[in-house]
């Protein structure tokens with residue numbers, strides 16, 4: 001008996017619907033069809049009238065979620081792909097993210113973004129937009145890297161009184177399995193040491209944690225001890241855990257799947273450089289996707305984003321500095 | 001209507017005297033339409049006013065103090081100095097605070113109405129107010145379609161005041177009539193003369209009642225002319241002189257006043273007394289608010305999240321304290 005990352009997301013939504021009558025799900029094809037990735041499979045049948053198909057109108061979908069939240073509901077929005085959240089960007093950043101600040105009325109909405117690349121998906125079905133949303137005040141951005149976190153963090157996202165951008169990675173949907181759903185969870189805002197080591201810290205989040213762990217395993221065969229920090233949420237960003245890890249290792253490599261300009265990797269390095277410069281034995285390094293749209297062909301796609309191999313290479317370079 | 005006009009005049013005066021930070025946006029010319037909408041709604045309904053809905057806000061129950069406090073940035077106002085002028089509201093009381101992006105409030109009203117439906121609260125109406133310019137936004141179309149698909153009790157009021165900022169209707173849309181836009185979504189639409197209070201009262205009351213009775217979303221398009229600039233910073237020199245002289249350019253407040261006198265429903269003395277009464281109300285509100293403090297940046301919590309414990313602390317270098 002095992003459960004996948006995708007099943008965990010479905011199970012968390014089923015639990016949220018069962019536990020709280022204020023929860024409903026709204027998004028494209030989420031109803032009888034069960035969602036493009038089947039993350040809402042059978043939920044429309046199990047919870048009649050509470051899992052609603054939406055027209056292809058991301059702006060209105062998010063706007064409606066905000067209005068419902070003001071009235072005390074706790075909507076879960078499924079964006080069919082993270083890429084399609086941009087037509088709803090205005091409502092997310094200007095309406096949802098500003099509501100509490102402006103009025104003291106909270107905006108408890110959860111927006112699920114099926115994120116990240118899969119081979120052959122091309123420029124418009126592969127994006128990782130967490131950095132875009134993390135830029136705006138008033139949003140929480142979660143990036144679960146494990147089956148357990150996918151489940152417990154989604155439940156926490158629904159329970160929180162603030163708008164949460166929940167970046168779930170499509171490549172983990174069926175590849176990642178756990179023996180069972182978790183019964184306890186770390187609090188949101190705390191990073192996790194996914195693997196302990198003393199030679200170098202790799203800070204990663206979402207699917208890149210899995211690539212970082214694979215790289216650490218490979219480097220372990222060469223006698224190198226790599227510590228992997230799984231950020232879990234990128235906003236808030238757990239600087240303390242990162243800093244403590246860098247204090248142990250003296251070397252920092254930060255890995256993200258999004259585009260290279262700015263973003264999480266730049267933020268992590270900026271904080272470590274500003275607050276922990278003396279902890280560093282070598283210049284902090286970062287690894288991101290390339291600064292082009294995401295290519296369709298596997299030959300190109302495989303080198304566009306960081307992989308276990310490129311993480312390994314970057315770690316080796318950094319260890320030689 | 002009169003209270004809204006007098007309040008507007010006071011805010012414009014304070015703006016010219018340099019007492020108001022940011023813009024002042026008057027409702028002049030839209031009072032009849034807006035007041036009629038506010039009066040047709042009732043407590044428990046949802047209302048998303050737009051820029052020129054001063055009269056509708058008051059008719060819906062927004063206190064004069066809310067407007068004055070928001071314009072003057074009083075920390076005691078509903079927005080506490082965090083947002084200003086027409087960006088005010090009380091979401092918990094069904095009065096939604098507009099964001100500046102046009103068309104964006106309509107789907108928020110839809111969502112509030114969906115919530116009411118989930119909660120099995122019947123007999124509610126949600127109203128959103130927009131202008132001719134907002135009908136060009138994607139948000140307007142998405143939301144109108146959404147309301148139709150969900151068959152929500154939405155009343156969408158379009159004040160066609162002939163200009164979106166400085167852009168005239170002919171550069172804004174090419175359809176014969178803005179009502180045509182509703183037809184595309186299966187939403188019935190009505191026209192109303194926005195300069196005629198009686199027509200506005202009749203059409204808005206009828207539309208809201210039909211929607212309340214389960215008639216689904218409806219749109220009302222009002223013809224009127226903006227009798228001021230977009231904001232008080234704008235002299236509105238672009239407004240066509242011919243339009244000003246046309247029936248569209250009539251001042252709805254004057255038209256209503258003339259009617260009252262003609263029908264003998266009120267005399268000049270009664271109208272004068274009413275004006276003195278509302279002027280006093282506005283003056284008292286302003287005098288009160290002028291004694292109230294603005295927000296204190298050192299007491300501000302600078303926290304955009306309701307979940308305080310998840311707020312990030314950015315350790316920027318603070319300037320060294322002065323000796």
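Can you tell me which residue among A:112, A:50, A:74, A:22 is closer than 16 Å to residue A:141 by Cα and in contact (Cβ under 8 Å) with a residue 12 or more places away in the chain? If you could, list the steps in order and put the result at the bottom.
Values: A:50 fails: closer than 16 Å to residue A:141 by Cα; A:74 fails: closer than 16 Å to residue A:141 by Cα; A:22 fails: closer than 16 Å to residue A:141 by Cα.
Exactly one residue qualifies, and that residue is A:112.
Rundown of residues vs (1) at the interface with chain A (Cβ under 9 Å from one of its Cβ atoms); (2) over 20 Å from residue B:43 (Cβ atoms); (3) part of a helix (DSSP H, G or I), yes/no style:
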| position | (1), (2), (3) |
| --- | --- |
| B:81 | no, yes, no |
| B:101 | yes, yes, no |
| B:107 | yes, yes, yes |
| B:130 | no, yes, no |
| B:139 | yes, yes, yes |
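Scanning the range A:71-100 for residues that are facing another protein chain (nearest Cβ under 7 Å) and in contact with a strand residue (DSSP E or B) (Cβ under 9 Å, 6 or more places away or on another chain), we see that the one that is surrounded by the most Cβ atoms within 10 Å (Cβ to Cβ) is A:73.
Filtering A:193, A:242, A:226 for residues that are surrounded by fewer than 18 Cβ atoms within 10 Å (Cβ to Cβ) and closer than 22 Å to residue A:146 by Cα leaves a single hit, A:193.
Taking the stated definitions as given, is residue A:200 touching a residue at least 24 places away in the same chain (Cβ under 8 Å) and either assigned by TED's automatic domain parsing to the domain that holds residue A:119 or under 17 Å from residue A:285 (Cβ atoms) (or both)? Quick ask: steps written out before the conclusion?
Details: touching a residue at least 24 places away in the same chain (Cβ under 8 Å): yes; either assigned by TED's automatic domain parsing to the domain that holds residue A:119 or under 17 Å from residue A:285 (Cβ atoms) (or both): yes.
Spelling it out, residue A:200 is indeed touching a residue at least 24 places away in the same chain (Cβ under 8 Å) and either assigned by TED's automatic domain parsing to the domain that holds residue A:119 or under 17 Å from residue A:285 (Cβ atoms) (or both).
Looking at residue A:209, is it under 13 Å from the mean Cα position of the chain (by Cα), within 14 Å of chain B (Cβ to nearest Cβ) and within 26 Å of residue A:7 (Cβ to Cβ)?
On the way: under 13 Å from the mean Cα position of the chain (by Cα): yes; within 14 Å of chain B (Cβ to nearest Cβ): no; within 26 Å of residue A:7 (Cβ to Cβ): yes.
Considered against the rule, which asks whether it is under 13 Å from the mean Cα position of the chain (by Cα), within 14 Å of chain B (Cβ to nearest Cβ) and within 26 Å of residue A:7 (Cβ to Cβ), residue A:209 comes out as no.
All conditions in (1) modelled with pLDDT of 95 or more; (2) part of a loop (DSSP other than H, G, I, E, B) hold for residue B:122, with the sole exception of (1). Within 24 Å of residue B:304 (Cα to Cα), out of contact with any helix residue (DSSP H, G or I) (no Cβ under 7 Å at 6 or more places or on another chain) and assigned to a loop (DSSP other than H, G, I, E, B): does that describe residue A:187? In short, yes.
For the range B:207-263, a residue qualifies if it is out of contact with any helix residue (DSSP H, G or I) (no Cβ under 8 Å at 6 or more places or on another chain), under 26 Å from residue B:145 (Cβ atoms) and surrounded by 16 or more Cβ atoms within 10 Å (Cβ to Cβ), and the qualifying residues are B:210, B:211, B:212.
Only a single criterion out of (1) buried (at least 24 other Cβ atoms within 10 Å of the Cβ); (2) in contact with a strand residue (DSSP E or B) (Cβ under 9 Å, 6 or more places away or on another chain) is not satisfied by residue B:142, namely (2). Looking at the range A:277-302, which of its residues are in contact with a helix residue (DSSP H, G or I) (Cβ under 8 Å, 6 or more places away or on another chain) and either closer than 28 Å to residue A:171 by Cα or at pLDDT below 95 (or both)? Of everything in the range A:277-302, those that are in contact with a helix residue (DSSP H, G or I) (Cβ under 8 Å, 6 or more places away or on another chain) and either closer than 28 Å to residue A:171 by Cα or at pLDDT below 95 (or both) turn out to be A:284, A:285, A:286, A:287, A:288, A:289, A:290, A:292, A:294, A:295.
Among B:117, B:92, which is closer than 22 Å to residue B:54 by Cα, surrounded by fewer than 24 Cβ atoms within 10 Å (Cβ to Cβ) and out of contact with any helix residue (DSSP H, G or I) (no Cβ under 7 Å at 6 or more places or on another chain)? First the steps, then the outcome.
Numbers: B:117 fails: closer than 22 Å to residue B:54 by Cα.
Step by step, each of B:117, B:92 is checked, and only B:92 is closer than 22 Å to residue B:54 by Cα, surrounded by fewer than 24 Cβ atoms within 10 Å (Cβ to Cβ) and out of contact with any helix residue (DSSP H, G or I) (no Cβ under 7 Å at 6 or more places or on another chain).
For the range A:268-297, taking the residues that are in a helix (DSSP H, G or I) and in contact with a strand residue (DSSP E or B) (Cβ under 8 Å, 6 or more places away or on another chain), the one that is farthest from residue A:82 (Cα to Cα) is identified as A:272.
Just to be sure before I move on: is residue A:44 in contact with a strand residue (DSSP E or B) (Cβ under 6 Å, 6 or more places away or on another chain), away from chain B (no Cβ under 14 Å), more than 30 Å from residue A:259 (Cβ to Cβ) and surrounded by fewer than 21 Cβ atoms within 10 Å (Cβ to Cβ) in the structure I sent? So residue A:44 passes the test.
Go through the range B:83-99 residue by residue and tally those that are more than 7 Å from chain A (Cβ to nearest Cβ) and over 14 Å from residue B:48 (Cβ atoms). Residues meeting the conditions: 2. Just wondering, is there one or more residues in the range B:198-214 that are under 30 Å from residue B:123 (Cβ atoms) and part of a loop (DSSP other than H, G, I, E, B)? No, the range B:198-214 has no match at all. Say whether the condition of being within 14 Å of the chain's Cα centre (by Cα) and assigned to a loop (DSSP other than H, G, I, E, B) is met by at least one residue in the range A:149-169. No, the range A:149-169 has no match at all.
Of all residues in the range A:13-25, which are in contact with a helix residue (DSSP H, G or I) (Cβ under 7 Å, 6 or more places away or on another chain) and surrounded by fewer than 24 Cβ atoms within 10 Å (Cβ to Cβ)? If you could, list the steps in order and put the result at the bottom.
If we filter the range A:13-25 for residues that are in contact with a helix residue (DSSP H, G or I) (Cβ under 7 Å, 6 or more places away or on another chain), which is where we start, we get A:13-17, A:23-25.
A:14, A:15, A:16, A:17, A:23, A:24, listed by residue number.
Taking the range B:141-157 as the range and being more than 7 Å from chain A (Cβ to nearest Cβ) and either touching a helix residue (DSSP H, G or I) at 6+ places or on another chain (Cβ under 6 Å) or at positive phi (or both) as the test, the residues that pass are B:147, B:151, B:152, B:153, B:154, B:155, B:157.
Residue-level check: of (1) within 14 Å of another protein chain (Cβ to nearest Cβ); (2) in contact with a strand residue (DSSP E or B) (Cβ under 9 Å, 6 or more places away or on another chain); (3) surrounded by fewer than 15 Cβ atoms within 10 Å (Cβ to Cβ), residue B:302 misses just (2).
The values are calculated or read from the model by the stated rules, or taken from the named source; none is laboratory data. Please read these numbers as outputs of a predicted model, since none were measured by experiment. Reconstructed Cβ throughout: ideal geometry from the backbone, glycine too, with neighbour counts over all protein chains shown.
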